[in-house]
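A.B. asks: Please see the structure below; I have some questions.
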Amino acid sequence: MLNVFGNVRQIDNCKADLVLAVGKLYKDLSADEIIIDEVNEDISELIVLSYALGKKLGLDQDEISNKVIRKLRLRKV
């Protein structure tokens, strides 16, 4: 039973980290001087945290990657 609550806490912490990372991205994008390296770091952190949350939720990492690739192709990024 404790493991379930520990996992819920880890999921909540991961969600909180995602919110903080989005906030940092907004802050860096609204700075007087936008530092491209910081924005790249922020975006990569959001991607990593998203994968970490997926793993905590028991989602298949390869399936997430395939969906990301498919969405990138559709948007022609």
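A.B. asks: I want to check the label-to-label distance for VAL68 and ILE47. Put each point 7 Å from Cα in the C-beta direction and report it in nm to one decimal.
C.D. replies: 0.5
A.B. asks: A follow-up question, please. Kindly state, to the nearest 0.05, the FRET efficiency for ALA16 paired with VAL77, given R0 = 35 Å and r defined as their beta-carbon distance.
C.D. replies: FRET efficiency, ALA16 to VAL77: 0.80.
A.B. asks: Computed over the Cα atoms of the range 2-74, what is the ratio Rg over Rh, Rh following Kirkwood?
C.D. replies: Rg/Rh: 1.07.
A.B. asks: Which of the lysines could a cross-linker span from LYS67 if the Cα-Cα distance has to be under 23 Å and same-chain partners fewer than 8 positions apart are dropped?
C.D. replies: The qualifying lysines are LYS15, LYS55, LYS56, LYS76.
A.B. asks: Quick one: helix 36-56 against the long Cα principal axis of the chain, what's the angle to the nearest 10°, folded into 0 to 90?
C.D. replies: Its long axis makes an angle of about 10 degrees.
Each reported figure results from applying straightforward, stated rules to the coordinates on display, with no laboratory input. The structure presented is a predicted model; accordingly, all values stated were derived computationally and were not measured. Every residue, glycine as well, gets a Cβ built from its backbone with ideal geometry; the counts of neighbours run over all protein chains shown.
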